[in-house]
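Notes for the one structure printed next.
The values are calculated or read from the model by the stated rules, or taken from the named source; none is laboratory data. None of the values given here were measured: they were computed from a predicted structure. Using ideal geometry, Cβ is built from the backbone for each residue, glycine included, and neighbour counts are taken over all protein chains shown. Heavy atoms of the whole protein, side chains included, go into the accessibility calculation; ligands, DNA and RNA do not. Shrake-Rupley method; radii C 1.70, N 1.55, O 1.52, S 1.80 Å.
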Amino acid sequence: STPQLLDMRPTLEAARADGQHASAVVRINVASPSFFDVMRIPIREGRTFARGDLASATPGVVLSASLSHELFGRTNPIGREVRFTKGKYPSYRVVGVSGDVYGDRVADGALRSIYFPLLNDLDPASTE
């Protein structure tokens, strides 16, 4: 389930391998499995979305590289869990890390993004 957050600054948190907790304000996106190819956003680790990512008890998500680094440092985030600090949302399992996307202003830097799956039965990439 994709969060229906009214909070204009949704915050995601994760437990690092060293036991410390990290958090970051994120930009929420919904994407099909082919979105990353179409937009030429590389998958740096893991994969994009597959059938079952939404139905899982811990739905699969893709994090941008900058968000992954802020939450997990140099630790591989694949299989790790993240969750929103507000609301009664489930934990989400990281299935992939994408390249960064930048905002309209250079000063904004890389957008710390989380991508939720939007699976379409007609999308051939969603047949895994």
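Data for the structure
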quantity	calculated
Exposure of E81 as accessible area (Å², to 10), given a probe of 1.4 Å and all protein chains	90
Hz values of 3J(HN,Hα) by residue in the stretch 90-99 - Karplus curve (6.51, -1.76, 1.60), Gly and Pro given as x	x, 6, 10, 9, 6, 10, x, 10, 9, x
Qualifying trypsin sites (Lys or Arg not before Pro) in the stretch 51-90, DSSP loop, other Cβ atoms within 10 Å at most 14	R51, R74, K86, K88
Amide H partners (placed H, <5 Å) of E45, local residues excluded	V97
Table column - 3J(HN,Hα) (Hz), the stretch 69-79, Karplus curve with 6.51, -1.76, 1.60, x for Gly and Pro	5, 5, 7, 10, x, 8, 5, 5, x, 4, x
Accessible solvent surface per residue of the chain, calculated while the other protein chains remain in place, 1.4 angstrom probe, Å²	57
For the stretch 45-61, Karplus couplings with θ = phi - 60° (6.51, -1.76, 1.60), whole Hz, Gly/Pro x	9, x, 8, 8, 8, 9, 4, x, 5, 7, 7, 5, 4, 10, x, x, 9
Pairwise Cα inverse-distance average, inverted: Kirkwood Rh of the stretch 16-96 (Å)	13.4
FRET E, pair H21, S56, Förster distance 30 Å, beta-carbon r, rounded to 0.05	0.85
Environment charge of A110, counting only residues whose C-beta is closer than 15 Å and scoring Lys/Arg +1, Asp/Glu -1	0
The stretch 20-87, accessible surface, carbon-and-sulfur percent (1.4 angstrom probe)	47
R80 long-range amide H proximity, modeled H, under 5 Å	V94
